[in-house]
Amino acid sequence: AVRKLIDVDKVKAVIGFACSSTVLSTAPLLNEAKIPALTPSASAAAISFAGDYIFRTWGSDDAAAAVLANYIGRHHKRLGMLSEETDYAQGFLKGIEKARPEGLAVHNENFLSETPDYRSMLAKLKHRGIDALFIASGIHRAAVMPAGELGAAALGRLFAEKWVSAVAAAPTRYR
């Protein structure tokens, strides 16, 4: 589709691409053709290095993860994470681990997008003594269900991905 935009439609710029994987897979073609592309929502850290013609208006996952890790590290000692097995959620997990302040333990359980029941993963995290829970997922169902299944109070403080989006409005490097 991008090849058609470049070769047939002769576009001068592209605005769109909601997903990071789409931005990253099309970046070489757009850079080669010297066509600027602007994504309003893709957040993978790698987009910052995708080339001179690739731009974003949304902060990177690494910046948001650093904000979250520092905040949680000031108030908690043991973070539990439920991370969907997608590029987005796994990238966020890596960002948390990279920015993890000294004194904050991170315990993660991965899950597939179609996982119907989170109780065993939550029980493992609870057994590890977590005092905060973060759910890294691109699907709303996953971000809501676990808190109701065991009760957020039983696990500690619950942080959802959308909280990070709001907090990540702090100064970050946009490109």
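The values are calculated or read from the model by the stated rules, or taken from the named source; none is laboratory data. All figures in this text were calculated on a predicted structure; none of them were measured in a lab. When we count neighbours, we look across all protein chains shown, and the Cβ atoms used for this are built from the backbone with ideal geometry, even at glycine. Heavy atoms of the whole protein, side chains included, go into the accessibility calculation; ligands, DNA and RNA do not. Shrake-Rupley method; radii C 1.70, N 1.55, O 1.52, S 1.80 Å.
For Leu125, the test of being in contact with a Gly (Cβ under 6 Å, 6 or more places away or on another chain), part of a helix (DSSP H, G or I) and over 24 Å from Ser20 (Cβ atoms) is passed.
Arg78 - would you say it is more than 30 Å from Arg3 (Cβ to Cβ) and of a type in the set (Lys, Arg)? Spelling it out, Arg78 is indeed more than 30 Å from Arg3 (Cβ to Cβ) and of a type in the set (Lys, Arg). Of the residues making up segment 105-141, those that are more than 8 Å from Gly80 (Cα to Cα) and in contact with a Phe, Trp or Tyr (Cβ under 7 Å, 6 or more places away or on another chain) number 5. Restricting segment 41-56 to residues that are open to solvent by 30 Å² or more (accessible area, probe 1.4 Å), within 22 Å of Leu93 (Cα to Cα) and modelled with pLDDT of 90 or more, the residue that is farthest from the chain's Cα centre (by Cα) is Phe49.
Residue check: is Ile72 touching a strand residue (DSSP E or B) at 6+ places or on another chain (Cβ under 9 Å), modelled with pLDDT of 90 or more, within 29 Å of Ser21 (Cα to Cα) and buried (at least 18 other Cβ atoms within 10 Å of the Cβ)? No. Residues in segment 108-129 that are loosely packed, with under 15 Cβ neighbours inside 10 Å, modelled with pLDDT of 90 or more and under 20 Å from the mean Cα position of the chain (by Cα): Leu112 only. Residues that are within 17 Å of the chain's Cα centre (by Cα), modelled with pLDDT of 90 or more and loosely packed, with under 13 Cβ neighbours inside 10 Å occur at least once in segment 95-103. Kindly indicate which of Ala65, Ala13, Ala37, Ala33 is closer than 21 Å to Ala89 by Cα and of a type outside the set (Val, Ile, Thr). Result of the check over Ala65, Ala13, Ala37, Ala33: Ala65.
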